[in-house]
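What follows is one structure encoded as structure tokens, with my remarks underneath.
The values are calculated or read from the model by the stated rules, or taken from the named source; none is laboratory data. From a predicted model like this one, the values you see are computed outputs, not experimental measurements. Virtual Cβ from ideal backbone geometry, glycine too; neighbours counted across all protein chains shown.
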Amino acid sequence: MNCCVRNCSAILLLILGMVTTINCSSHVNCQESRGNAISNRQDELHCCNETFNSFSKNWHNEADYLTETLQSLKDWSCPQYNAECSKPTFNFNDFTALVYHRSCNRTLFESRCLDSLMRASSARGVSGSIWSNLLRDLRTFQLSQDELRDPCIQVALYDAAVQERGKYGYYHEMKRVFIPFCKFIWCGLDAENIHDHSISAWLCIPTFCRTNIIISIVVCSILSIWNVVANSIVLVVFFKQKRYTSSAGIYKLSIALADIMVG
């Protein structure tokens, strides 16, 4: 009898333990928790893993931003944040390098980009070297296309957006990772400049890459025109020569039509 009681008690304790574990499981919405403190450390680590894993799988998508991902990992004191600062995984160009510097080594970021901000200010008759003031002024300037191409200006605009408006939703990254003859294109600008200048990823493509793209388009266009002209001549000859009405002639006709449609 005592043995049965002990067994039943053990089973009851096991069930209670399982219920307690289930009640303590994480139900936090990590997307909605960005920019906010998460009181439960287990929930925080859950969001760390979810955020980093999601970005690792989808980093090439337009909607996934390195700036926001690093900011979230930093806010939640994630172990992935320290690992990324030590050995950046997504450091593909000058823009991403500066994004890492801003998050992981702010002193280095400001020292590298201070001159760019001071040049933009001095060109408009504004002097100063205090970073926060330069950021405030930067958001009020009508920046030129050349200035917007500067990776320092791009990342500083994110810094300015965070300072004045918030960490999320006011800055957008643009990526093109599958353009022939080009390295990864990755840049970013605040929402106001994108809207005011109708900016696309073309702004961020280096000059040599633009040249390669334009040459490729021109060559392909010439070849396409030549293909259409040559096959049009074939069709004209076909319709003028009745002897081409055989099965072999019809086959040649179909090839010529297909070439025109493709070319």
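Among (1) out of contact with any helix residue (DSSP H, G or I) (no Cβ under 6 Å at 6 or more places or on another chain); (2) under 15 Å from Ile199 (Cβ atoms); (3) β-branched (Val, Ile, Thr), there is one condition Ile179 misses while meeting the rest; what is its number?
The number of the failed condition is (2).
Assuming Ile225 fulfils every condition listed in (1) modelled with pLDDT of 75 or more; (2) surrounded by 13 or more Cβ atoms within 10 Å (Cβ to Cβ) apart from one, which condition is it?
(2)
For region 88-125, enumerate the residues that are among the small types (Gly, Ala, Ser) and within 18 Å of Asp75 (Cβ to Cβ).
Ser103
Of the numbered conditions (1) closer than 30 Å to Glu32 by Cα; (2) under 19 Å from the mean Cα position of the chain (by Cα), Asp196 fails exactly one; give the number of that condition.
Condition (2) is where Asp196 drops out.
For every residue, the table says whether it meets (1) at pLDDT 90 or above; (2) of a type in the set (S, T, N, Q); (3) touching an Asp or Glu at 6+ places or on another chain (Cβ under 8 Å).
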position: Val126; (1), (2), (3): no, no, yes
position: Ile130; (1), (2), (3): yes, no, no
position: Thr140; (1), (2), (3): no, yes, no
position: Ile153; (1), (2), (3): yes, no, yes
position: Lys167; (1), (2), (3): no, no, yes
position: Val177; (1), (2), (3): no, no, no
position: Pro180; (1), (2), (3): no, no, no
position: Lys183; (1), (2), (3): no, no, no
position: Trp186; (1), (2), (3): yes, no, yes
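Among the residues of region 166-186, is any assigned by TED's automatic domain parsing to the domain that holds Glu110, aromatic (Phe, Trp, Tyr) and part of a helix (DSSP H, G or I)?
Within region 166-186, not a single residue is assigned by TED's automatic domain parsing to the domain that holds Glu110, aromatic (Phe, Trp, Tyr) and part of a helix (DSSP H, G or I).
Tell me the helices (runs of 4 or more DSSP H) entirely within region 21-116 that contain at least 1 residues that are basic (Lys, Arg) and touching a residue at least 40 places away in the same chain (Cβ under 8 Å).
94-104
Considering every residue within region 124-131, establish whether at least one is surrounded by fewer than 16 Cβ atoms within 10 Å (Cβ to Cβ), small (Gly, Ala, Ser), farther than 17 Å from Leu189 by Cα and in contact with a Leu (Cβ under 9 Å, 6 or more places away or on another chain).
Yes - at least one qualifying residue is present in region 124-131.
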